[in-house]
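The values are calculated or read from the model by the stated rules, or taken from the named source; none is laboratory data. Since the structure is predicted, the reported quantities are computational estimates derived from the model, not experimental observations. Every residue, glycine as well, gets a Cβ built from its backbone with ideal geometry; the counts of neighbours run over all protein chains shown.
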Amino acid sequence: MNTQLITILVPLTGLLALGYALSRARWVGRQDPGTKEMQEIAAAIAEGATAFLRREYRVLFFFVLVVAGLLVAANLGNPDSSPLIAISFVAGALCSGIAGFIGMRVATKANVRTTNAARTGLGAALNIAFSGGLVMGLSVVGLGVLGLGILFLVYNGIYTDLGWTFARVVNVISGFSLGASSIALFARVGGGIYTKAADVGADLAGKVYEGIPEDDPRNPATIADNVGDNVGDVAGMGADLFESYVGSIVGTIVLGAAFMSVPAFEDASFGAISAVLLPLVLAGVGILVSIAGSFFVKVKEGGNPQKGLNMGEFGAAGLMAALSFFIIRWMLPAEWSHESVISDFTHYTSMGVFWAVIIGLAAGTMIGLVTEYYTSTHTKPTLNIVKQSVTGAATNIISGLGVGMFSTGIPAVILALGIIGAYSFAGLYGIAIAAVGMLSVTGIQLAVDAYGPISDNAGGIAEMAHLPAEVRERTDKLDAVGNTTAAIGKGFAIGSAALTALGLFAAFMQQADIKSIDVSNPTILAGVLLGAVLPYIFSAMAMGAVGRAAGDMIKEVGRQFREIAGLREGTAKADYARCVDISTKAAIREMVAPGLMALVVPVVIGFISKDMLGGLLVGVTVSGVLMALFQANAGGAWDNAKKRVESGIEIDGVFYGKGSEVHKATVVGDTVGDPLKDTSGPSLNILLKLISIVALVIAPLIA
């Protein structure tokens, strides 16, 4: 098989993913949406989600134009790059935006159809919810591989015809990752602010102040809360993993380009660029494996949806591990030597690269399982928070903070061992390819993650449409599993972000010709300190935005209960549109400052000193990963502590449930944790990757 053919086949797998996603989207659309009342509720959710994305994308359109213009100006006449990097940037931004839009549109169709299917059985409801998530997952990987594959095909032709250096090709391609990262940050921050402003407002105004149940149609913030699940947890998470997926491939391509002068690659399957093509081929095969794994996600009535989802997800990971062995042995030389100025690792083997991929797959799975332990409704950490809630909200919050902080320990050890292991097997290339391995079956991993908010929406629609109790019981069963998959997904996203950022960091050092990062150098140490503080400032900005927007939401809900006669009694209809508008305006307004900080700071530091920028990357990666783990796990534990009380629990011979003082304490804890786990925490994943890719893009300008 020649190089030209494989560079054509790779983007074709992206088209296959999009084609299969389209078929599943059409299938979801053909399912029965239920009663007229259910359809009206679903239409309001879909309208709010679409309106938010349109307003967000209008703002981002001008942002993309400005940055593209700056990239053209900065790279005019640069022999190591090209103004064509602006095209790559626009393509990355466009693909990320399209993936989020497709996933959100299908999720807002799947939610009501999942509710309707739950009227007759659990299996059908799971199938619809998972199919909706699968569209998101396959859209992300399909557009990622298609976009990168086409750019590689085009730029590789330019490399051949116009005499470019391959380093120049790699620099231009990296613009695709910058575009994906930029959109991802705004989508994650904006979506997170939206969903948590609505969620916090709905919880406090409804449960605590007005004393009405969650998802009660009398609560004016309920629709906004359900909209938030889609724009934050579907479109936002999709953009997050799209960025990790693309970034891991780009980082590995950059590091793989260093092997092009190695004689052993002359006889490799695709010659000098075999190590460059490997991450693209693994990604393409991962698409096929994700599609195959989706056929194993099934559940019978009375069964456990978690088992069905695990069968598909872990089955796909196992199959990918086996196929990776044959792909790597086929594409790479059995062994080769290479000396690098930024690494003392010199002897490589194809088996070493394979073990690095396995380490990536294992590390992602293990971090997800650790996250599940610290956040599950029935494990010791969460139950301890419940017990501490007996004495009030203050002890609930203290306990939750402790759980979040303690939960960073094991994942940090896993990442440390993973980094050392991947490096010992294949050097810096091993760390980058480990990230590719971790993300190789993103298609089905993201499908399982996006299934959660669809199920959550389905339960909300069942409550608002006053469906029978058994329907809500089925949707709650799906939602409970969705909470677990969401927690695992957050842990996986953080782990993948860490390895992706490290791969991009190594690529930056190579492109900027930085031989080492010596923290005894005052300039570098200053960069480390500045990088370490960025996640704190970024989190403060995101949480402050949620607090301000939630305050406006609570005031609006209170106003409606005071001024709309009959609302509390259920004889009048709430003004849902007003609450949707509050969240939308707040998200659009508040997402700008954190986004600009993430883009501007590395550029300014880079032009002051490239070594200082290297220190900045070290600081933001270490601090950001630990902060993200702490916030995600603390928030998840608080959330499930509340759910554990709502399902009923006996503590020291006393039974507690909804409406009890313990429940009110857990609601406060969950409210504190909401912006941690769904706004600032997940956004930190993107912050550290975005800063790394900005550094990589400007490397030719500061080297």
Counting only helices (runs of 4 or more DSSP H) entirely within the range 593-703, those with at least 3 residues that are surrounded by fewer than 21 Cβ atoms within 10 Å (Cβ to Cβ) are 610-646, 661-675
Taking the range 167-205 and the residues there that are small (Gly, Ala, Ser) and over 26 Å from Leu143 (Cα atoms), the one that is surrounded by the fewest Cβ atoms within 10 Å (Cβ to Cβ) would be Ala205
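One line per residue, one yes/no per condition, for (1) modelled with pLDDT of 90 or more; (2) over 28 Å from Leu151 (Cα atoms):
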{"residue": "Ile273", "(1), (2)": "no, no"}
{"residue": "Leu277", "(1), (2)": "yes, no"}
{"residue": "Ile287", "(1), (2)": "yes, no"}
{"residue": "Ser290", "(1), (2)": "yes, no"}
{"residue": "Ser294", "(1), (2)": "no, yes"}
{"residue": "Gly302", "(1), (2)": "no, yes"}
{"residue": "Lys307", "(1), (2)": "no, yes"}
{"residue": "Met311", "(1), (2)": "no, yes"}
Of the residues in the range 501-546, those that are outside any helix (DSSP H, G or I) and of a type outside the set (A, V, I, L, M) number 6
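From Ala99, Ala25, Ala44, grab the single residue that is under 27 Å from Tyr155 (Cβ atoms), surrounded by 18 or more Cβ atoms within 10 Å (Cβ to Cβ) and touching a helix residue (DSSP H, G or I) at 6+ places or on another chain (Cβ under 6 Å). Let's see the steps before the verdict.
Values: Ala25 fails: under 27 Å from Tyr155 (Cβ atoms); Ala44 fails: under 27 Å from Tyr155 (Cβ atoms).
Criteria check complete, one pass: Ala99.
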Original post:
Within the bounds of the range 564-586, is there any residue that is among the aromatic types (Phe, Trp, Tyr) and surrounded by fewer than 17 Cβ atoms within 10 Å (Cβ to Cβ)?
Top reply: no
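I'd like to verify a number: residues in the range 566-584 that are assigned to a helix (DSSP H, G or I) and farther than 16 Å from Thr679 by Cα, how many?
Of the residues in the range 566-584, the ones assigned to a helix (DSSP H, G or I) are 576-584.
Okay, now just the ones that are also farther than 16 Å from Thr679 by Cα, so 576-582.
Total satisfying the criteria: 7.
So for the range 9-26 (the condition being at pLDDT below 90, out of contact with any Ser or Thr (no Cβ under 6 Å at 6 or more places or on another chain) and among the hydrophobic types (A, V, I, L, M, F, W, C)), does at least one residue qualify? Before the answer, list the steps.
Residues of the range 9-26 that are at pLDDT below 90, as a first pass: 9-10.
Subsequent filtering for residues that are out of contact with any Ser or Thr (no Cβ under 6 Å at 6 or more places or on another chain) retains 9-10.
Imposing the further condition that a residue be among the hydrophobic types (A, V, I, L, M, F, W, C) reduces the set to 9-10.
Scanning the range 9-26, I find at least one residue that is at pLDDT below 90, out of contact with any Ser or Thr (no Cβ under 6 Å at 6 or more places or on another chain) and among the hydrophobic types (A, V, I, L, M, F, W, C), so the answer is yes.
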So, first residue without any contact (Cβ under 8 Å) to a residue 12 or more places away in the chain in the range 329-351, second residue polar (S, T, N, Q) and part of a loop (DSSP other than H, G, I, E, B), Cβ within less than 6 Å, six or more apart or across chains; the pairs are Glu339/Thr346
Within the range 559-596, the residues that are touching a residue at least 40 places away in the same chain (Cβ under 8 Å) and among the polar types (S, T, N, Q) are Gln560, Ser583, Thr584
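Every residue in the range 1-56 that is farther than 17 Å from Ser131 by Cα and touching a Gly at 6+ places or on another chain (Cβ under 6 Å), please. Walk me through how you get there before you give the answer.
If we filter the range 1-56 for residues that are farther than 17 Å from Ser131 by Cα, which is where we start, we get 1-15, 34-56.
The answer is Val10, Pro11, Thr13, Gly14, Glu56.
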Checked the range 206-222 for anything surrounded by 24 or more Cβ atoms within 10 Å (Cβ to Cβ) and modelled with pLDDT of 75 or more; matches are Asn219, Pro220, Ala221, Thr222
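Determine, yes or no, whether Thr375 is modelled with pLDDT under 85, β-branched (Val, Ile, Thr), at negative phi and within 25 Å of the chain's Cα centre (by Cα).
Values: modelled with pLDDT under 85: no; β-branched (Val, Ile, Thr): yes; at negative phi: yes; within 25 Å of the chain's Cα centre (by Cα): yes.
When the stated conditions are applied, Thr375 does not pass them.
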Note on Pro305: of the conditions (1) over 20 Å from the mean Cα position of the chain (by Cα); (2) more than 30 Å from Glu470 (Cβ to Cβ), unmet is (2)
Do we have any residue at all in the range 278-299 that's basic (Lys, Arg) and in a helix (DSSP H, G or I)? no
Note on the range 1-60: residues over 22 Å from the mean Cα position of the chain (by Cα) and of a type in the set (Asp, Glu) are Asp32, Glu37, Glu40, Glu47
>> Looking for something assigned to a helix (DSSP H, G or I), more than 22 Å from Arg168 (Cα to Cα) and under 22 Å from the mean Cα position of the chain (by Cα) - is there at least one such residue anywhere in the range 262-272?
In response: no
